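Participant: Please see the structure below; I have some questions.
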Amino acid sequence: MLNPVDNLRSFAISRPPLVVFTVCLTAFAFATLFLAYYLQSEPVKDPDIIDWNDVMEKFALMDLCVQFRDRSVVRKQSKFAWWEVQSDSEDERQLKVYLSETGMAKKFVSLQFQLQMGEEGVRKLESNRLDIVWGMVQLRDLNAKHDKSYVKLGVSLDLGSKQRHTNCTPGGFCTISPSVCVTFRGSTELLPSILKEAKPCHHRLPTVENGARFVAVHEDTSEDTCPGTVIQMQYIRDVLYMETINYSDKVLIHMHLTYTSYFLFVTVMTILCCAIVKGKPKPKQMLLEKGVANV
């Protein structure tokens, strides 16, 4: 009389490698089935397209060296020694150069991003009654794969003025509410496309009164190398700025994952059926198998 439970138990005891193989197949089957469900229900980023999240994550890796007007001493060993004059007239001249090089306000993109900034830099901006930091960044530093990666773009960070609320952790980063308004000026056609779900913000031109100039640094900086204050940043990815896989690709990938999981499940069921029917191998069969193994 066929005893499925005893046969299955004896089959598992006598063939442990096959049991491990069956467990692995089952795990792979559930994994592919879960991936197929996740792909169908959740947005998935397209790895072949650089979106705004990629650009802002690359930008957040840079430190912003900001010199305020109340700081007149510049260390001789600083690699920013050329940045020595900190008068209002010099600020105004640099601002005019910045606006002229970035095409004034004719080409710009202003979007809200969840960008956290270092507490020291935010406090310094607030004490100087400044709302905007602005400067130049090369396109290649924004993770943009383009033939014109040497092109420079103007970038300004507007923290807002009257309705701004900052929540800072001691010695850490500040979450600014509402989100920071980041404006890119210049060859904005080289940047990612703006999705319909994107969150635009009001564009304000920086002035001598409300802004301070920054220099983007690609390495760890401190007060010994920056003649001012270093502002560090962290970026929180936003699904609204994510370029997702298109519908046809999602259907194709979902179909492959589903069929793969079905095939694995059928394989597992076949092994279990064989175990239930055959059970533990007979002593003669076990001796023959050992003899073949010894040979």
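Participant: List pairs: first in the stretch 195-207 and in contact (Cβ under 8 Å) with a residue 60 or more places away in the chain, second β-branched (Val, Ile, Thr), Cβ under 7 Å, 6+ apart or cross-chain?
Facilitator: So the pair list comes out as 203/183; 204/132; 206/132.
Participant: What about residue 48, is it at pLDDT below 90, under 31 Å from the mean Cα position of the chain (by Cα) and open to solvent by 50 Å² or more (accessible area, probe 1.4 Å)?
Facilitator: yes
Participant: Right, another one. In the stretch 104-131, what residues are open to solvent by 30 Å² or more (accessible area, probe 1.4 Å) and either at pLDDT below 65 or more than 18 Å from residue 52 (Cα to Cα) (or both)?
Facilitator: Once the filter is applied, which keeps residues that are open to solvent by 30 Å² or more (accessible area, probe 1.4 Å) and either at pLDDT below 65 or more than 18 Å from residue 52 (Cα to Cα) (or both), the stretch 104-131 yields 104, 105, 106, 119, 120, 123, 124, 126, 127, 128, 129.
Participant: Quick one: how many residues across the stretch 22-45 are touching a residue at least 24 places away in the same chain (Cβ under 8 Å) and open to solvent by 50 Å² or more (accessible area, probe 1.4 Å)?
Facilitator: 7
Participant: Of everything in the stretch 193-212 that's in a loop (DSSP other than H, G, I, E, B) and small (Gly, Ala, Ser), which residue is farthest from residue 159 (Cα to Cα)?
Facilitator: If we take residues in the stretch 193-212 being in a loop (DSSP other than H, G, I, E, B) and small (Gly, Ala, Ser), then 193 is farthest from residue 159 (Cα to Cα).
Participant: Filter the stretch 1-20 down to residues that are surrounded by 14 or more Cβ atoms within 10 Å (Cβ to Cβ) and either of a type outside the set (Phe, Trp, Tyr) or modelled with pLDDT of 85 or more (or both), then give me how many there are.
Facilitator: Total satisfying the criteria: 9.
Participant: Among the residues of the stretch 179-202 satisfying the criterion of being more than 19 Å from the chain's Cα centre (by Cα) and open to solvent by 70 Å² or more (accessible area, probe 1.4 Å), which is farthest from residue 109 (Cα to Cα)?
Facilitator: Across the stretch 179-202, the extreme among qualifying residues is 196.
Participant: Could you please find all residues in the stretch 1-55 being assigned to a loop (DSSP other than H, G, I, E, B) and among the polar types (S, T, N, Q)?
Facilitator: 3
Participant: Residues in the stretch 264-293 that are out of contact with any helix residue (DSSP H, G or I) (no Cβ under 8 Å at 6 or more places or on another chain), over 22 Å from residue 24 (Cβ atoms) and at pLDDT 65 or above: how many?
Facilitator: 0
Participant: Let me ask something else about it. When you scan the stretch 227-278, how many residues do you find that are assigned to a loop (DSSP other than H, G, I, E, B), open to solvent by 60 Å² or more (accessible area, probe 1.4 Å) and closer than 27 Å to residue 41 by Cα?
Facilitator: Summing the residues that are assigned to a loop (DSSP other than H, G, I, E, B), open to solvent by 60 Å² or more (accessible area, probe 1.4 Å) and closer than 27 Å to residue 41 by Cα in the stretch 227-278 gives 3.
The values are calculated or read from the model by the stated rules, or taken from the named source; none is laboratory data. Given the structure is predicted, the values throughout are model-derived calculations rather than measurements. Here the Cβ is made from the backbone with ideal geometry for all residues, glycine too, and neighbour counts use every protein chain on show. SASA here: full protein model, heavy atoms, side chains in, ligands and nucleic acids out. Shrake-Rupley method; radii C 1.70, N 1.55, O 1.52, S 1.80 Å.
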